[in-house]
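K.L.:
This is the structure I want to talk about, given as structure tokens.
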Amino acid sequence: MQAIQLDDTMQPASEEIRKAVKHLYSIAPQFKGIEKVAGPLTVRRGTPTFATLVRIVVGQQLAIKAAASIYARLNSTISLTPQAMLKAKDSTLAEAGLSKSKIATCLAIAQAIQDKDLVIEKLGAMSDDDIRTTLTKIRGIGSWTAEIFLLFCLSRLDAWPHSDLGLQLGYQSLCKLKERPDTRALLIIGEDFRPVRGAAAYLLWHYYRHLKSS
């Protein structure tokens, strides 16, 4: 079976991410306090493959541990290639823990790759907006999935998964807001963090994990 391509363990921030964080601190100093209370930034990273995209889809609207468990079962059930996914029975995928909607999305991704409508190996040479457009044309892939792929797999450090609940709750706590900013509000807020919104996302997730564990 193909190995898991999205690392569910935490890794120290790369030099590239550290540079982005430094820039973020200069334009949004409210983020400076995060590492003081939560410790040095750690992140999740992945490689741009079909298996990783499936892992991100599995993680839609699920807690990290639950998503990792389902993905591990799926990974032990079939070879995570487009060809194997298209040949697999829906019942097999459902037994691994995939919902009907996620089965449909994974099959749509596999079909897009088979039809050459999606060539993952070429995404790295494309602009962020072109990658977003390419991915969100596929059934079941929305903004969150595209932004996570951009950030985790292609190191596009202006990606901004503004619909992510962890980011919304992290920002609410960081800025001591009475209400959690919704998806539209966080999208607007993120404009202040360009061109390193991804660094802000990494720090907010880091802060949110600290809040949950304390």
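To keep it simple, each residue is scored yes or no on (1) in the same structural domain as Asp115 (by TED's automatic domain parsing); (2) closer than 27 Å to Asp158 by Cβ; (3) modelled with pLDDT under 95; (4) touching a Ser or Thr at 6+ places or on another chain (Cβ under 7 Å).
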{"position": "Gln5", "(1), (2), (3), (4)": "no, yes, yes, yes"}
{"position": "Tyr25", "(1), (2), (3), (4)": "no, yes, no, no"}
{"position": "Phe31", "(1), (2), (3), (4)": "no, yes, no, no"}
{"position": "Val54", "(1), (2), (3), (4)": "yes, yes, no, no"}
{"position": "Leu80", "(1), (2), (3), (4)": "yes, no, no, no"}
{"position": "Leu86", "(1), (2), (3), (4)": "yes, no, no, no"}
{"position": "Asp90", "(1), (2), (3), (4)": "yes, no, no, no"}
{"position": "Ser99", "(1), (2), (3), (4)": "yes, no, no, no"}
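K.L.:
For the stretch 111-126, check the following and say yes or no: at least one residue is of a type in the set (Val, Ile, Thr), more than 16 Å from the chain's Cα centre (by Cα), assigned to a loop (DSSP other than H, G, I, E, B) and within 18 Å of Thr49 (Cα to Cα).
P.N.:
yes
K.L.:
Name the single residue, out of those in the stretch 150-200 being hydrophobic (A, V, I, L, M, F, W, C) and more than 20 Å from Leu41 (Cα to Cα), that is farthest from the chain's Cα centre (by Cα).
P.N.:
My answer is Leu177.
K.L.:
Go through the stretch 19-53 residue by residue and tally those that are in contact (Cβ under 8 Å) with a residue 60 or more places away in the chain, of a type in the set (Ser, Thr, Tyr) and under 22 Å from Leu169 (Cα atoms).
P.N.:
The qualifying residues number 1.
K.L.:
How about the stretch 136-167: which of its residues are surrounded by fewer than 22 Cβ atoms within 10 Å (Cβ to Cβ), touching an Asp or Glu at 6+ places or on another chain (Cβ under 7 Å) and part of a helix (DSSP H, G or I)?
P.N.:
Passing the criteria: only Trp144.
K.L.:
Right, another one. Condition check: within 26 Å of Asp164 (Cα to Cα) and either touching a residue at least 60 places away in the same chain (Cβ under 8 Å) or outside any loop (DSSP other than H, G, I, E, B) (or both). Does Ala84 satisfy that? So that I can check it myself, show each step before the final result.
P.N.:
On the way: within 26 Å of Asp164 (Cα to Cα): no; either touching a residue at least 60 places away in the same chain (Cβ under 8 Å) or outside any loop (DSSP other than H, G, I, E, B) (or both): yes.
Judged against the criteria, Ala84 is not a match.
K.L.:
For Ala108, state whether it is touching an Asp or Glu at 6+ places or on another chain (Cβ under 8 Å), part of a helix (DSSP H, G or I) and buried (at least 16 other Cβ atoms within 10 Å of the Cβ). Working first, answer last.
P.N.:
On the way: touching an Asp or Glu at 6+ places or on another chain (Cβ under 8 Å): no; part of a helix (DSSP H, G or I): yes; buried (at least 16 other Cβ atoms within 10 Å of the Cβ): yes.
So Ala108 fails the test.
K.L.:
Please work out if Lys65 is charged (D, E, K, R) and modelled with pLDDT under 95.
P.N.:
On the way: charged (D, E, K, R): yes; modelled with pLDDT under 95: yes.
Taking the combined requirement at face value, the residue satisfies it.
K.L.:
In the stretch 168-203, how many are in contact (Cβ under 8 Å) with a residue 60 or more places away in the chain and not in a loop (DSSP other than H, G, I, E, B)?
P.N.:
The total comes to 8.
K.L.:
So, one more: Could you figure out which of (1) outside any helix (DSSP H, G or I); (2) crowded, with 19+ Cβ neighbours inside 10 Å isn't true of Lys102?
P.N.:
It fails just one condition, (1).
K.L.:
Here's something else I'd like to know. With in contact with a Gly (Cβ under 7 Å, 6 or more places away or on another chain) and among the polar types (S, T, N, Q) as the only criterion, which of Thr42, Thr52 stands out?
P.N.:
On the way: Thr42 fails: in contact with a Gly (Cβ under 7 Å, 6 or more places away or on another chain).
Going through Thr42, Thr52 in turn, the sole match is Thr52.
The values are calculated or read from the model by the stated rules, or taken from the named source; none is laboratory data. On a predicted model such as this, the values are computed, not experimentally measured, just so you know. Every residue, glycine as well, gets a Cβ built from its backbone with ideal geometry; the counts of neighbours run over all protein chains shown.
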